[in-house]
1. Could you list HIS199, HIS68, HIS3 so that the one with the fewest beta carbons within 10 Å of its beta carbon is first and the one with the most is last?
2. Taking the Cα centre of segment 2-109 as origin, sum charge times position over the Cβ atoms of Lys and Arg (+1) and Asp and Glu (-1), and report the length of that vector in debye to the nearest 20.
3. Under a Cβ-Cβ cut-off of 11 Å, what is the net charge of the residues other than GLU209 that fall near it, where Lys and Arg count +1 and Asp and Glu count -1?
4. Could you compute the FRET efficiency for THR223 and ASP149, with r as their C-beta to C-beta distance and R0 at 41 Å, rounded to 0.05?
5. Among the aspartates and glutamates, which have Cα under 17 Å from the Cα of LYS171 when same-chain residues fewer than 8 positions away are ignored?
6. Taking the Cα atoms of the chain alone, what are Rg (to one decimal) and Dmax (as a whole number) in Å?
7. Magnitude of the Cβ-charge dipole of segment 125-191, K/R +1 and D/E -1, about the Cα centre, nearest 20 debye?
8. What's the exposure ranking of MET236, MET181, MET1, going from fewest to most Cβ atoms within 10 Å?
Amino acid sequence: MKHAFVFPGQGSQFVGMGKEHYENSAFAKKLCEQANEVLGFRISDIMFVGTEEDLKQTNVTQPAVFLHSIIAYKSIESASPDMVAGHSLGEFTALVANGTLSFDDALQLVSVRAKAMQKACEVTPSTMAAVLNLADEKVEEICTQILNDTGEIVVPANYNCPGQLVVSGSKAGIDIACERMKAAGAKRAIVLPVGGAFHSPLMLPAKEELAAAILSTKFHTPTCAVYQNVAAKAVMDKDEVKQNLVDQLTGAVRWTQSVQSMIADGASRFTEAGPGKVLQGLVQKINKEMQVDGVS
């Protein structure tokens, strides 16, 4: 009976996030002020009273979700994970929870990652789309066909749960993909309101910058295994953790496979720490026998 802690990624942000923690917890207030200092701007102000548009900027969204998730996790006095995982950005939060990274170092990396991704988004007009109720193999096949037929990049980006796969690529490629996925029997294929093609080869310009930052950051031996997005299995070696973090920028988030691996390794309870309840829903869709709860 193992307890897994999981952490959300970009998209779970909301106006007012973390405000209640800040007003009621001296520790949360201290962590927010620490983050403001590390980032060089008052991210807490944007989180508490900014607009939805402000929060959607990648260089704001990622550190905001990270900070909120850490505060939520630290508010659980009995938190003692047997294993951790994070969805995309959430992987950095997971690495603080299992002692691999310090809060300051992880926040610095999240900031570098967000800015690098923002720049990569500006190089090529790109986006993502959610494909519902189509077999993973069929989605993969259509992505390959589009590349072969048109030269447009479209790849599977997020394996969220059975029947929900997000694809990522050029705007033209995603438009073609949505048409072909629906023609192949997908219940829906919806373009998402995101800034670019995350977890695709179009993020390659950001990879070098993030790799340099990761290599110059001190990583510690984890206190428990992290199930990383690109590996979808238990990882304890800090050098392997580093490489997987770099590869994650252009590789797929294999969330379904990661959760299945955690369950195979004994997980029976999943606690989501951070804004929203998205991961709790995904875990239950992957295996409805799992006990899920969360702290926001």
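What follows is calculated from the coordinates using simple rules that are stated; it is not laboratory data. Source: prediction; values computed, not measured. Using ideal geometry, Cβ is built from the backbone for each residue, glycine included, and neighbour counts are taken over all protein chains shown.
1. On the way: HIS199 23, HIS68 27, HIS3 18.
So the residues, fewest neighbours to most, are HIS3, HIS199, HIS68.
2. 160
3. Numbers: positive: ARG113, LYS115, LYS119, LYS207; negative: GLU208.
For residues surrounding GLU209, the net value is +3.
4. Details: r = 48 Å, r/R0 = 1.18.
Given R0 = 41 Å and the Cβ-Cβ separation, E is 0.25.
5. Result set, ordered by chain and number: GLU122, ASP149, GLU152, GLU179.
6. 18.3, 58
7. Numbers: 6 positive and 8 negative charges, 57 e Å.
Rounded to the nearest 20 debye, it is 280 debye.
8. Numbers: MET236 14, MET181 26, MET1 8.
Neighbour counts put them in this order, fewest first: MET1, MET236, MET181.
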